[in-house]
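Laboratory data are not the source of any read-out in this text; all were calculated from the coordinates shown. No experiment lies behind these values; they were computed from the predicted model shown. As a convention, Cβ positions derive from the backbone with ideal geometry for all residues, glycine included, and neighbour counts pool all protein chains shown.
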Amino acid sequence: TQLLEQSPQFLSIQEGENLTVYCNSSSVFSSLQWYRQEPGEGPVLLVTVVTGGEVKKLKRLTFQFGDARKDSSLHITAAQPGDTGLYLCAGAIGTSYGKLTFGQGTILTVHP
Amino acid sequence: ETGVTQTPRHLVMGMTNKKSLKCEQHLGHNAMYWYKQSAKKPLELMFVYSLEERVENNSVPSRFSPECPNSSHLFLHLHTLQPEDSALYLCASSQEADYYGYTFGSGTRLTVV
């Protein structure tokens, strides 16, 4: 069973601060995805990274896939209250269906 | 409408009731999924359909019965549920298996009383 460990589980910060969320595994993934979920809604896909060492930016969010494709990080610069939510990483294996491994999530709260 | 639409958004049912959850996707995707999300637990895969055929059934109790009549529609039929089945039930779809990620619906918040 592939496991994805996310850290930290909870993060409470002030508006304007920077933060990093980590997603680690001993397994190699063919792709890694990051989702954000707001209360009462489904997860929304933010980004997919597929190449070891890849870095993708989405406005104030920077995503990195580890060189060995076993880990990933999400860095948010100058966090805003609108960034509040549950952040989930998920790793995919090859061309499988329904084998996506989800981390347990990081609950981020950004206080104004 | 675009994306993945789930109905109803909220459902309260007794343990002896029969109800169905509906999911519809307008993205042209070829795979659809049911997930269960409970408090303080990772997302749990329940069923996967690829091209209308079930390809995964994660040892889900028989009181949950999926149906996929075509590539755009997915149902989850519920009967004689237990209180511990109360959760957020999420439908998702994808085009290239798991590789590029899923598009999720907003979910159905189910409460079993």
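Quick notes
- Solvent-free Debye scattering, log10 I(q)/I(0), computed from the Cα coordinates of the stretch A:48-112 at q = 0.18, 0.24 Å⁻¹: -0.76, -1.13
- Label-to-label distance, nm, for residues given as A:LYS57 and A:SER96 (7 Å Cα→Cβ offset): 3.4 nm
- Placing pseudo-labels 7 Å out from each Cα toward the beta carbon at B:VAL113 and B:LEU27 gives an inter-label distance of 3.4 nm.
- Short-range pairs are left out: with C-alpha atoms under 8 Å and at least six residues apart, the relative contact order of chain A is 36 percent.
- Value of D in µm² per second that Stokes-Einstein yields for the protein assembly as shown, Kirkwood Rh from Cα pairs, at 4 °C (1.567 mPa s): 72 µm²/s
- In plain terms, the residue of A:SER25, B:SER71, A:SER12 with the fewest other Cβ atoms within 10 Å comes first and the most crowded comes last, giving A:SER12, B:SER71, A:SER25.
- Length, then width, then depth: along the principal axes, the Cα atoms of chain A run 42, 29, 20 Å.
- By the Cβ distance rule of under 4.7 Å, chain B has these cysteines without a partner: B:CYS68.
- Taking other Cβ atoms within 10 Å as a rough exposure proxy, B:MET13, B:MET46 sort from fewest to most as B:MET13, B:MET46.
- R0 of 30 Å, Cβ-Cβ distance B:MET15-A:GLU38: FRET efficiency to nearest 0.05: 0.50
- Fraction of the pair-distance distribution of chain B above 19 Å, Cα-Cα pairs, percent: 39 percent
- Note on B:TYR102, B:TYR49: ascending count of other Cβ atoms within 10 Å places them as B:TYR49, B:TYR102, the fewest first.
- Per-residue mean of foreign Cβ neighbours for A:100-111 is 3 (Cβ atoms of other chains, 10 Å radius).
- In the protein assembly as shown, lysine pairs with alpha-carbon atoms under 23 angstrom apart (chain gap of 8 or more, or interchain): 11
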